[in-house]
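Structure first, then comments.
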Amino acid sequence: MATVWVPALLRDLTGGIERAQVAGATVREVIDSLEAQFPGVRARLCEGDSLRPGVAVVVDGAVSRQRLRQKVKEDSEVHFIPAITGGAG
Amino acid sequence: MNEKETYRVIGTRPLRPDGADKVTGRALYGADLRLPGMLYGAVLRSPHAHARILSIDTSAAEALPGVKAVVTAADLPDVEAKVASLGEGSVNTRYQSWNILAREKALYYGHAVAVVAAASVHIAQEAVKLIRVNYEVLPPVLDVLQAMQADAPILLRDLRTDELGEKGSALTNVAAHHQTKKGDVERGFQEAAVTVEREFHTATVHQGYIEPQNATALYNQDGRITIWCSTQGSFGVRDQLKDILDVPVAQIKVVPMEIGGGFGGKNNVYLEPLAALLSKKSGHKPVRLTMNHADVLSATGPTSGSVIRVKMGARKDGRITAAQAWLAYEAGAFPGSPVTSGMGVIFGPYAIENVLLDGYDVVVNKPPAAAYRAPGGTNAAFAAEVVIDELAEKLGMDPLDLRLLNAAKEGDRKADGVAYGRIGCVEVLEAARNHPHYRAPLPGKFRGRGVAAGSWGNYGGKSSASASVNSDGSVNLVEGSVDIGGSRASISMQLAETLQIPVESIRPQVADTDTVGYTEGTYGSRTTFATGWAVYELGRRLIGLLCERAAQLWDVEPGQVTYEGGVFSCGGQRLSFAELAGKMDETGGAVVASVSVQPETWGPAFAAHIVDVEVDPETGKVDILRYTAVQDVGKAVHPAYVEGQIQGGVAQGVGWGLSEGYYYDAQGRLANASLLDYRMPTSLDLPAIETVIVEVPNPGHPYGVRGVGEVPIVPPPAAIANAIYRAVGVRLTTLPMSPARVLEALGKA
Amino acid sequence: MTPGKVTVHTRINGEEVTFLCEPRQSLLEVLRMELGFTGAKECCNNGNCGACSVLLDGVLVNSCLVLAVEAEGKSILTVEGIAPAEGLHLLQQKFLEHAALQCGICTPGFIVSAYALLQRNPRPSEQEVRRWMAGNLCRCTGYDKIIAAVLDAAACLREKASGEVRVP
Ligand code: FES
Ligand code: FES
C-alpha cells in the first residue's frame, strides 16, 4: 500500500496521524481510500473532480502533472503540498 | 548516465548566436518595433493607495484632437473567477482583470484606471490629464502585520482565509494560511541545549529589470489579435489574454520580442490586454504602450515584503533538533504571495527532524506581488541563516561546520516530508569551507566575514522545439523559450552535443506562439533544463531519421547504421553528418523533427556564499570587500553564462540586503518610484564576484543539468548580515540594512 | 517646414542628417522614433540608467536628457556607429567573448560609455572603469564580466595601437 503524508492542516481529520497506508493505483483512488478512512479529506483536497489549484501532488519525489490520474505504486510515497507560486499577478 | 561522460560542446564557452545583434544595437526589443499607422498610448494611474472609484469621465480626453480611443474597466469583460495555471504562479483571472484596470476600487498607488491611444505619446499623455475620476479615498493598509489585525480596513469584499480548502467565516486580508509540520517541535526544543528566536522584517523590493514593460497590439478586423511584447513566456501571455479578454486562444498570436530582463516580473501581463482593447476601439490600428520606470516600480510586480519569526534549537554537539517559522508575506492588492515558496526554502539546506512552518498570504495596498528570482526564498533564508549563525556562535562552532553537520543529503526529508534525491548541498558547503577566501585573514577594524547557505527547488514544465537539417549539415532550431540571458547558446549547445556537430552549425530562433509548440516561460530556472531536454530528444530523433537515410543509401536496415563521433557508418561505409545532409534530396527530401517534453525530474539547487564587509561606524555604510559564491549547478552547459547568472543573482541579493526597498508615505504613495531613489547596485557598489561551480549531476536530466538562475539570490542578505555582525557586533534583522539602520543598530541614530 | 517644428542639422555616425522635430522632443526620442536609431534604448527616460548613452561632439551624454534641438550643428555617435566597416569593434568583440551581456538591453549604453572612456583614458584601472560605468545600470550581470571585457578591450586596443605586448 502507498504511504500518504497527511498535510498538516488535515491532521485534525486524521486524529493527528502524519502518515497513512492506503490502497489505490492512482492518486484519485488514494484520495478515495483516504476519504473512506478519514471522512472530509476529499472535500479539502479536491474541488469538483480535480485537485484544488493551490495543491500539488508529489509522487515518489516528483511533482505530478497528471495529478489525479497519476499512477501510484504499491510502495509509493504520496505528498500533497502547497503549489509553489511566484506571485499573484 | 553522465558521471563519467566527456562532452565536446557542453562545458565550452562559445559566443552567443545573437551576440552580434546585441552589441551593435540591431537586436529588436519591444519598444524598437515600428508598425505603419501605429498609435501610442498612455495610462492614467490612481494617485491613491485605496479608493473607491465613484465615476470616470473621459469625455474631455476623447475630445482632444489626435485621441483615437479611451478604455476603462467598463471595456473589459467581467471574467469569472478562475485560476489560470501560470506554472510558477497561479493567477486568479478575476483579480488579474481587476489589476489590469481598476474596477470599483483602486487598490494601490499607480493602479491603472484608464488608458488612451493617440497619434503621439505626447497627445496621449495630455489626454490622460483630462480624464476626471471621482474617488472616495479609503484608509490604506501597507503593513503586513497591520493588515492581519481583525479591525484592519478590508481590501477585497469577498476574501476569507483559506486553510487547505476550508474557508474562514470573517472577511479578512489574510488570503490563506498554510502549514507544514513534521515531527514534534515541542519535543525537539526540549532536547535542545541552545535555542535562538528572532523576528525579521524585509522590505518590498522590485525585480528592477532595466527595460520597462511594453506591448504593441493589433486587433485585426477578422478578430485575430497579434501582440508584440517583452515577456518571459509568450504562451503565458496568450493564456492570460484569452482569459482576460475572453477570446478563443486560436485568435491570439504572441510574438516575443527581445527582452530586457525579467527575473520573474515579466510573466504577468499588464499592458498587453490594454493595447489590444485600444487597437480594437481605435479602428484596428496598431497600438503601442510603454511604461516608464515610475510605472514599473509603482505598478508592476514587486516581491513581497515580509515578517518572519524563526526559532531554532540545537544540541551541544551542533545537531539541530527543531526549527519553527512563522511567515507573513505581503501579496500586494490580490492574493498570491510566494509564501509557500518561502516555506519550501526556509530550512531547505538542512535535515531537521522536527519542523513547524506557518505561512500567511496577506493582501495590502501595494501592487500585486510577481515572481522574483527564487520567489520568497531570499526573505526566508535571511531569517533562517541569521538564526543559524547565532546558533553557531552560541555553540562556539564554525558556522560552516554547523551547517555541514546538519546538511541535507539524498534521502533526507524536507519539512513537507518529501525526500531529497541526489543533491549537492554537502559538496557546496564543503567547497565553501575549503575555499581560500574562507581561510584568508581579514585584518582591519570594522571588518567581518559572513556566510550563508540557500536552496531552491527549481522547476521543469512544458517545452517544445523543432528542427530542420540543411543540406550543408547545419541545423535550424526553432524553440519557444525566450532568451533572457544567453539560453539560445545553452540550448544550441545541448542540441549540438546530441548531434555531435559543432555548435556553430546550429541556427537557433525563438518563435512566436503560432510557430512552435507550447513552451512555458523562461522562469523557475527551467529553460536550460527543460528546453535543453527537448532539444536532446529532438537531436536523437534527427539522428534516427538520418540513420534511415543512410540505410537507404547503403541498402541496409536502419538498425545496422550507427552514429558516433559525428559519423554515420555501417560495415565499411561512412558518411559524416554534413555529407549525409547533402544527400537528403536523393533520400526523400527534408529531414525535420519536432518534440515536446514535460520533465518532472528537475533537481534542487544549493548555494553557499562567503562575503567580507567593512562597516563605516560614522555613516553606517556597508562596503562589500570580497564576495565568493559557491553553487551546485548539476552540469554547467555554458560556464560563462552560469557564472553570469550567479553574479547577477548575487548583485540583486546585495541590493536587497543593503539598499533596495519601497518607501511609502502615510497615504500609501510610493515615495521612491525612480531609479535614482530606488537604489540598485552600480558597478561601484560591487566588487568582483568570484564564482565556484560545483557539479553534482542531476540524475534526472540527460546532461545532468540543474536550474541555475534562482538560488544565487537566496543567501546574500543573510551572508551580509552575518558579516556585519562579525564586523561590529550587532545583528541586523531588518532589510535593507541601509546606513540609517546600521547606525540605529549601533546605537548612534 | 511644418509649423511648430524646428529644423536641426547634425552629423550622425559620420553622415549628415537633417531632421524636423518638436522643441519638446528629446534627442533620444528623435533618434529612436523619427530616425530609426533604436540602438540607444529608452529605459528610465530621466538620466538614471545610461541605456540611452550617445556621444555628442565626443562627449558622453544621456540622450534622454538632451533636447533634440540642442544637437544643432553637432555630431552624434550612436552604438550603430561604433563598429568599423568590417567586423566588430574590439569592445563589442570583448563583450561577446567575456559573456558581458545577458539580456543585452544595457549593452549599447555600456559600449558607447566604454568607448568614450577609452578615448579619454586608454589605460584605465579596474576602479576607474567601475567609477566611469557607475552611470550605466545593468541588472543582469553584476558588472563583473562587463568590467573584465572593458579592461581586456583596453589592453588589446593599446596593443594594436602601439605594438605593446600584453602581460597576460
Ligand atoms: S533612458 Fe536615458 S538614462 Fe535611462
Ligand atoms: S545585460 Fe540585462 S541589464 Fe545588463
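Would you mention how many residues in region B:704-734 are in a loop (DSSP other than H, G, I, E, B) and touching a Ser or Thr at 6+ places or on another chain (Cβ under 9 Å)?
First, the residues of region B:704-734 that are in a loop (DSSP other than H, G, I, E, B): B:704-710, B:714-715, B:729-733.
After this cut, where a residue has to be touching a Ser or Thr at 6+ places or on another chain (Cβ under 9 Å) as well, the list is B:705-710, B:714-715.
Final tally of qualifying residues: 8.
May I ask you to say which residue of B:VAL428, B:VAL469, B:VAL418 is within 14 Å of another protein chain (Cβ to nearest Cβ) and at negative phi? First the steps, then the outcome.
Numbers: B:VAL428 fails: within 14 Å of another protein chain (Cβ to nearest Cβ); B:VAL469 fails: within 14 Å of another protein chain (Cβ to nearest Cβ).
Matching residue, one of B:VAL428, B:VAL469, B:VAL418: B:VAL418.
Residues C:CYS21, C:CYS52: which one is more than 15 Å from ligand 2 (Cβ to nearest atom), touching a helix residue (DSSP H, G or I) at 6+ places or on another chain (Cβ under 6 Å) and either more than 7 Å from chain B (Cβ to nearest Cβ) or polar (S, T, N, Q) (or both)? First the steps, then the outcome.
Details: C:CYS52 fails: more than 15 Å from ligand 2 (Cβ to nearest atom).
That would be C:CYS21, the only listed residue that is more than 15 Å from ligand 2 (Cβ to nearest atom), touching a helix residue (DSSP H, G or I) at 6+ places or on another chain (Cβ under 6 Å) and either more than 7 Å from chain B (Cβ to nearest Cβ) or polar (S, T, N, Q) (or both).
With the checklist (1) part of a loop (DSSP other than H, G, I, E, B); (2) within 16 Å of ligand 1 (Cβ to nearest atom); (3) modelled with pLDDT of 95 or more; (4) surrounded by fewer than 18 Cβ atoms within 10 Å (Cβ to Cβ) in hand, flag the one item C:GLY73 doesn't pass.
Against the list (1) part of a loop (DSSP other than H, G, I, E, B); (2) within 16 Å of ligand 1 (Cβ to nearest atom); (3) modelled with pLDDT of 95 or more; (4) surrounded by fewer than 18 Cβ atoms within 10 Å (Cβ to Cβ), C:GLY73 comes up short only on (2).
Inspect all residues belonging to region C:69-80 and state whether any of them is more than 16 Å from ligand 2 (Cβ to nearest atom) and within 9 Å of another protein chain (Cβ to nearest Cβ).
At the first step, the residues of region C:69-80 found to be more than 16 Å from ligand 2 (Cβ to nearest atom) are C:69-78, C:80.
Going one step further and asking which of them are within 9 Å of another protein chain (Cβ to nearest Cβ), we end up with C:78, C:80.
Yes, the conditions are met somewhere in region C:69-80.
Which condition does B:LEU155 not pass, out of (1) crowded, with 18+ Cβ neighbours inside 10 Å; (2) within 14 Å of chain A (Cβ to nearest Cβ); (3) not in a loop (DSSP other than H, G, I, E, B), if it passes all the others?
(3)
When region C:86-104 is examined, which residues are found to be within 7 Å of chain B (Cβ to nearest Cβ) and in contact with a Cys (Cβ under 6 Å, 6 or more places away or on another chain)?
C:GLN102, C:CYS103
Whether any residue in region C:92-107 is within 16 Å of ligand 1 (Cβ to nearest atom) and in contact (Cβ under 8 Å) with a residue 40 or more places away in the chain is what I want to check. Give the steps one after another, and end with the answer.
First pass over region C:92-107, keeping only residues within 16 Å of ligand 1 (Cβ to nearest atom): C:103-107.
When the remaining residues are screened for being in contact (Cβ under 8 Å) with a residue 40 or more places away in the chain, the result is C:105-106.
Yes, region C:92-107 contains a residue that is within 16 Å of ligand 1 (Cβ to nearest atom) and in contact (Cβ under 8 Å) with a residue 40 or more places away in the chain.
Select from region C:16-38 the residues that are of a type in the set (S, T, N, Q) and under 19 Å from the mean Cα position of the chain (by Cα) and list them in ascending order.
C:SER26, C:THR38
Within region B:683-701, identify whether any single residue is touching a Phe, Trp or Tyr at 6+ places or on another chain (Cβ under 9 Å), over 24 Å from B:GLY603 (Cβ atoms), free of Cβ contacts under 8 Å to residues at least 24 places away in the same chain and buried (at least 20 other Cβ atoms within 10 Å of the Cβ), and answer yes or no.
yes
Pairs only if they're at least six apart or on different chains, beta carbon under 8 angstrom, first in region B:167-193 and outside the structural domain of B:LEU357 (by TED's automatic domain parsing) and under 21 Å from B:VAL362 (Cβ atoms), second aromatic (Phe, Trp, Tyr) and assigned to a strand (DSSP E or B); list them, first residue then second.
B:VAL174/B:TYR360; B:ALA176/B:TYR360; B:HIS177/B:TYR360; B:HIS178/B:TYR360
To keep it simple, each residue is scored yes or no on (1) among the acidic types (Asp, Glu); (2) assigned to a loop (DSSP other than H, G, I, E, B); (3) within 16 Å of ligand 2 (Cβ to nearest atom).
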{"site": "C:GLY109", "(1), (2), (3)": "no, no, yes"}
{"site": "C:ALA114", "(1), (2), (3)": "no, no, yes"}
{"site": "C:LEU118", "(1), (2), (3)": "no, no, no"}
{"site": "C:PRO124", "(1), (2), (3)": "no, yes, no"}
{"site": "C:THR141", "(1), (2), (3)": "no, yes, yes"}
{"site": "C:LYS145", "(1), (2), (3)": "no, no, yes"}
{"site": "C:ALA149", "(1), (2), (3)": "no, no, yes"}
{"site": "C:ALA155", "(1), (2), (3)": "no, no, no"}
{"site": "C:GLU159", "(1), (2), (3)": "yes, no, no"}
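Quick check: anything in region B:141-151 in contact with a Leu (Cβ under 9 Å, 6 or more places away or on another chain) and either within 13 Å of chain A (Cβ to nearest Cβ) or part of a loop (DSSP other than H, G, I, E, B) (or both)?
Filtering region B:141-151 down to residues in contact with a Leu (Cβ under 9 Å, 6 or more places away or on another chain) leaves B:141, B:147.
Cutting the leftovers down to either within 13 Å of chain A (Cβ to nearest Cβ) or part of a loop (DSSP other than H, G, I, E, B) (or both) gives us B:141.
Yes, some residue in region B:141-151 is in contact with a Leu (Cβ under 9 Å, 6 or more places away or on another chain) and either within 13 Å of chain A (Cβ to nearest Cβ) or part of a loop (DSSP other than H, G, I, E, B) (or both).
If you take the residues of region C:112-168 that are at positive phi and at the interface with chain B (Cβ under 8 Å from one of its Cβ atoms), which of them is farthest from ligand 1 (Cβ to nearest atom)? Working first, answer last.
Quick first cut of region C:112-168, residues at positive phi only: C:142-143, C:163.
When the remaining residues are screened for being at the interface with chain B (Cβ under 8 Å from one of its Cβ atoms), the result is C:142-143.
Numbers: C:GLY142: 19, C:TYR143: 17 Å.
Residue satisfying both the conditions and the ranking: C:GLY142.
Filter region B:195-231 down to the residues that are in contact with a Cys (Cβ under 8 Å, 6 or more places away or on another chain), of a type in the set (A, V, I, L, M, F, W, C) and more than 16 Å from ligand 1 (Cβ to nearest atom) and list them by number.
Residue satisfying the conditions is B:ALA215 alone.
What's the number of the condition C:VAL61 fails, among (1) surrounded by 21 or more Cβ atoms within 10 Å (Cβ to Cβ); (2) within 12 Å of chain B (Cβ to nearest Cβ)?
Going through (1) surrounded by 21 or more Cβ atoms within 10 Å (Cβ to Cβ); (2) within 12 Å of chain B (Cβ to nearest Cβ) one by one, C:VAL61 breaks only (2).
Among (1) modelled with pLDDT of 95 or more; (2) out of contact with any Lys or Arg (no Cβ under 8 Å at 6 or more places or on another chain); (3) closer than 30 Å to B:ARG238 by Cβ; (4) buried (at least 24 other Cβ atoms within 10 Å of the Cβ), there is one condition B:THR72 misses while meeting the rest; what is its number?
Against the list (1) modelled with pLDDT of 95 or more; (2) out of contact with any Lys or Arg (no Cβ under 8 Å at 6 or more places or on another chain); (3) closer than 30 Å to B:ARG238 by Cβ; (4) buried (at least 24 other Cβ atoms within 10 Å of the Cβ), B:THR72 comes up short only on (4).
Applying the selection to region C:140-154, what residues are within 18 Å of the chain's Cα centre (by Cα) and within 17 Å of C:ALA51 (Cα to Cα)?
Listed by number, the residues that qualify are C:TYR143, C:ILE146, C:ILE147, C:VAL150.
Only one of (1) within 10 Å of C:ILE76 (Cβ to Cβ); (2) in a loop (DSSP other than H, G, I, E, B) fails for C:ARG24. Which number is that?
Condition not satisfied by C:ARG24: (1).
The values are calculated or read from the model by the stated rules, or taken from the named source; none is laboratory data. Being a predicted model, the structure only gives us computed values, none of them experimental. For neighbour counting, all protein chains shown are included, and Cβ atoms are generated from backbone atoms with ideal geometry for every residue, glycine included.
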